[in-house]
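The values are calculated or read from the model by the stated rules, or taken from the named source; none is laboratory data. For clarity, every value in this text was computed on a predicted model and none was experimentally measured. Quick reminder, even Gly has a Cβ in these numbers, built from the backbone with ideal geometry, and neighbours come from all protein chains shown. Remember, those area values only see protein heavy atoms, side chains included, never the ligands or the DNA or RNA. Shrake-Rupley method; radii C 1.70, N 1.55, O 1.52, S 1.80 Å.
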Amino acid sequence: MEFGAGTPLEDFRREVREFVAAHAPRFKVRAGVRSPEDEGELKASLRWTAELYAAGYLGADWPERFGGVPDHDPLRDVVVREEIARARAPMPGSGSDLAAHALIGFGREAQRQTYLPAIRAGEQLWCQLFSEPDAGSDLASLRTSAVKDGDDWVINGQKVWTTNGHWADLGYLLARTDPDAPKHKGISAFVLDMRAPGVQVRPLRELTGTSDFNEVFFDQVRVPAEAMIGKPGQGWAIANTSLAQERHGVGASVVSVEMAWEDLVETARALKIDGRPAIDLEDVRQQLAAFRAEVDAVATLAHASLMRWSAGKDRITDAPMAKLGFSELNLRLAEYAVSLLGERGVLTEGDDEAVDEGRWQDAYLYARAYTIAGGSSEVMRNIIAERGLGLPREPR
């Protein structure tokens, strides 16, 4: 989203765009939040992350003594992620960013001194160990337990939908330390060595044919007391504080849906239906115009949300509305693209006659995940209805 020609933010955007063009890895970036496909991509992604930190484009909001920038404008973080998305470059792993903000806000000094420099240097990859089979959108219902035993905590349970779990060195873990406390108050946060005895990571094979998510099992995993982030029972507050940093990615979501629309237009130009370019057909042109109006509406909504957030005046419904608007529109764009391809809509990457190397099939198969991850569309609608509009809860 543009902030006005000649403004400091737009000057900064040009600087970031040039940096990304010169330094971003060149391997193929698929739709959605994806993991490196091999060791080579993993190393390239970590180098890319380190370069972004070294240039001051990531971690600018950290304390100065850990590399942050004084009087940092949070909208610069939005611009950085927009330009990475626009270049179709890999987005740095969110697990490390979330862990860093948890440590900055609540961690011990020894934890900060140990982990923050390593994150900036691209020496460590973190994963987020929050969601469980019965505690995804309702995170406070998590059941993974941590029981004190001498100087250690003993972890048992299971996590799921863990992006980069099979590559990660460390995990940012939420576990229940007080089963008798109200569910929001009995949760604590930990640093977990992903190679500790008793940790088992099982990659999940997805519809896309790749394994980006994982199940993670904990069987009598012992972690030292100093691995806890903050105090016992602070996990819910720590998680919400770190997750608030994901607002930086709203602009990147808008860019990605704008680019999806532009790609759809190019597909309609190249695709022939009864010997004519699909874009010449009246119903196709009307649908493309309708999608463009929705893209502009989502962009306007996100821009207003970011302006309120940067001014400290954000509303409880801002993030749910932006997330809902993006994820549902992104899904419908991909659905329409696949339907427009007709019989070729079933051809995927590797098929000689696949359109654009099967990118629309990949986008379609992944798009549904966006409507679930980070809070399902149903949960987002409930938040908007109940907390924003004041509508009554449905009787149970």
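Remarks
- 222 nm mean residue ellipticity, helices alone, for the chain (DSSP H n ≥ 4; -39,500 (n - 2.57); rounded to 500): -14000 deg cm²/dmol
- Of every Cα-Cα pair in segment 84-160, the percent that sits beyond 16 Å: 67
- Rel. contact order, % - alpha carbon contacts under 8 angstrom, at least six apart, segment 101-195: 25
- Charged-residue dipole, Cβ positions (Lys, Arg, Asp, Glu), the chain about Cα centre, Debye nearest 20: 940
- Shown are HIS23, HIS303, whose ranking by accessible area with a 1.4 Å probe and every protein chain present, most to least, is HIS23, HIS303.
- Integer Hz, Karplus 6.51/-1.76/1.60 couplings in order for segment 233-241, x for Gly and Pro: x, 8, x, 5, 5, 5, 4, 5, 5
- Percent breakdown of C-alpha pair distances by 20 Å bin, ordered from the shortest bin, for the chain: 25, 58, 16, 1
- Over segment 1-124, accessible surface divided per residue gives 46 Å², non-protein components excluded, 1.4 Å probe.
- P(r) histogram, all alpha-carbon pairs of segment 88-223 included - 5 Å bins from 0, percent: 2, 10, 19, 22, 22, 15, 7, 2, 1, 0
- Projecting the Cα atoms of SER145, ALA89, LEU125 onto the charge dipole of the chain (Cβ charges, centred on the Cα centre) puts SER145 farthest toward the positive pole.
- For segment 70-229, the relative contact order comes to 21 percent (Cα pairs under 8 Å, sequence separation of at least 6).
- Accessible area per residue in Å² at 1.4 Å probe, computed on segment 149-206: 46
- Our coupling estimate for segment 288-298, obtained by passing each phi through the Karplus curve with A = 6.51, B = -1.76, C = 1.60 and θ = phi - 60°, is 4, 5, 5, 5, 4, 4, 5, 4, 5, 5, 5 Hz, Gly and Pro reported as x.
- Length gained on full extension, ASP152 to PHE27: 40.8 nm, using 0.36 nm per residue less the C-alpha separation.
- Label-to-label distance, nm, for residues given as ASP283 and ARG17 (7 Å Cα→Cβ offset): 3.8
- Solvent-free Debye scattering, log10 I(q)/I(0), computed from the Cα coordinates of segment 255-396 at q = 0.09, 0.16, 0.20, 0.22 Å⁻¹: -0.35, -0.89, -1.16, -1.31
- Taking a straight line from the alpha carbon of LYS272, these lysines sit under 29 Å away, with near neighbours fewer than eight places off in the same chain left out: LYS28.
- Sequence-separation-based contact order of the chain, relative, with Cα cut under 8 Å and 6+ spacing, percent: 14
- In range of the label at ARG47: residues from segment 75-98 whose backbone nitrogen is under 19 Å from the point 7 Å along Cα→Cβ: 88-93
- Segment 75-204 - charge dipole about Cα centre, Lys and Arg +1 at Cβ, Asp and Glu -1, debye rounded to 20: 280
- For the residue pairs LYS148/LYS185; LYS43/LYS231; LYS231/LYS323; LYS148/LYS183, the C-alpha atoms sit more than 26 angstrom apart in LYS43/LYS231; LYS231/LYS323.
- Comparing GLN287, GLN361, GLN124 in a Gaussian network model of the chain, where Cα atoms under 10 Å apart are tied by springs, the biggest mean-square fluctuation is seen for GLN287.
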